[in-house]
1. Return the total of residues in segment 203-228 being touching an Asp or Glu at 6+ places or on another chain (Cβ under 6 Å) and under 17 Å from LEU160 (Cα atoms).
2. Here are some conditions: (1) at pLDDT 90 or above; (2) open to solvent by 10 Å² or more (accessible area, probe 1.4 Å). VAL203 meets all but one. Which one does it not meet?
3. Would you call ILE228 open to solvent by less than 50 Å² (accessible area, probe 1.4 Å), aliphatic (A, V, I, L, M), in a strand (DSSP E or B) and at pLDDT below 95?
4. Give me the pairs: first residue in segment 224-238 and closer than 17 Å to HIS41 by Cα, second residue open to solvent by 70 Å² or more (accessible area, probe 1.4 Å) and outside any strand (DSSP E or B), beta-carbon distance under 9 Å, and six or more apart or on different chains, which are they?
5. Among the listed residues LEU162, LEU177, identify the single one that is out of contact with any Gly (no Cβ under 7 Å at 6 or more places or on another chain), at pLDDT below 95, surrounded by 22 or more Cβ atoms within 10 Å (Cβ to Cβ) and not hydroxyl-bearing (Ser, Thr, Tyr).
6. Which pairs have Cβ atoms under 9 Å, sit 6 or more apart or on different chains, and link a residue in segment 59-83 that is open to solvent by 60 Å² or more (accessible area, probe 1.4 Å) to one that is at pLDDT below 95 and among the small types (Gly, Ala, Ser)?
7. Specify which of the listed residues (ALA209, ALA236) is open to solvent by 10 Å² or more (accessible area, probe 1.4 Å), at pLDDT 90 or above and either of a type in the set (Gly, Ala, Ser) or under 20 Å from MET63 (Cβ atoms) (or both).
8. Considering only segment 214-240, state which residues are under 14 Å from the mean Cα position of the chain (by Cα) and closer than 19 Å to ILE87 by Cα.
Amino acid sequence: MWSLNVLLNKLLNGGDNEPEYNYKSPLRNDQSKKEVLVQSHFINVPHIKQTRTWDCGLFCVLMVLKTLNVNHYDIKDLEAFCGTNSIWTVDLAYLLQKLSITFSYITVTLGANPNFSLETFYEKQLSDDIIRVNMLFQRSQEAGINIECRSIKGDEIALLILSGKYIVIALVDQYILSQPWTEDVYVSDFYSRSSGYSGHYIVICGYDALTDEFEIRDPASSRFRETISSRCLEKARKSFGTDEDILLIHLENALA
């Protein structure tokens, strides 16, 4: 699988030159955004609503499959393939690999972060999951899954989506997305009123440079389409508990 540096180099230079590993995004500030991102791009991802509190990640994968015109799997198939109802991003990575979907996996932590036990969201499941999840990370290379350990900035995600070649499954804090004091106000049907971290998967499928907003598909929402500011998305996906996990889905060959 391509590393993110290679992907960005290919997008910026239009070829397969050696990647510049000291890459600095051209979208670091508002001025460069106005100069470079005078456009928008949206991928038509069908919205599918989740049915239980824990299966948002599986429904995000199902939305990806529908986008790629892979229609011979349903949610029961994905649940059977995954084999657990305690879904971590690494579980989704193995699922995508099994389904022959090309993707890149970016995270800031290789394994289950033991500090997450401080969060109510994780306290019950972490002790049961930590061995299984760490084993999946250890075996990832053998399984053909390349995991890139780094932080990815929102402007880099915007650039990749604007290319029209990628969509993203992102782990976010649903509580932050649902707050009435944010710029982006909506409360999903599965929203918990707890003030603590609430892990949730969404699909990021569009970006408008003029408004600096991302388009998302939220499996917990009844609405087909949601837009959120880049600022709100950054807070939600970099909240403690997410490990800044993203699965970058490659569309170029699949939709050709």
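The values are calculated or read from the model by the stated rules, or taken from the named source; none is laboratory data. Model, not experiment: these values are computed from the prediction. Positions of Cβ are generated from backbone atoms using ideal geometry, with glycine treated the same way; all protein chains shown enter the neighbour counts. The accessibility values were calculated without ligands, DNA or RNA, using every heavy atom of the protein model including side chains. Shrake-Rupley method; radii C 1.70, N 1.55, O 1.52, S 1.80 Å.
1. 3
2. Status for VAL203: all satisfied but (2).
3. So ILE228 passes the test.
4. So the pair list comes out as THR227/THR211; ILE228/GLU183; SER229/GLU183; SER229/THR211.
5. Values: LEU162 fails: surrounded by 22 or more Cβ atoms within 10 Å (Cβ to Cβ).
From the options LEU162, LEU177, the qualifying one is LEU177.
6. Taking only residues 6 or more apart or on different chains, the pairs are ASN69/ALA254.
7. On the way: ALA236 fails: open to solvent by 10 Å² or more (accessible area, probe 1.4 Å).
That would be ALA209, the only listed residue that is open to solvent by 10 Å² or more (accessible area, probe 1.4 Å), at pLDDT 90 or above and either of a type in the set (Gly, Ala, Ser) or under 20 Å from MET63 (Cβ atoms) (or both).
8. ARG217, ASP218, PRO219, ALA236, ARG237, LYS238, SER239
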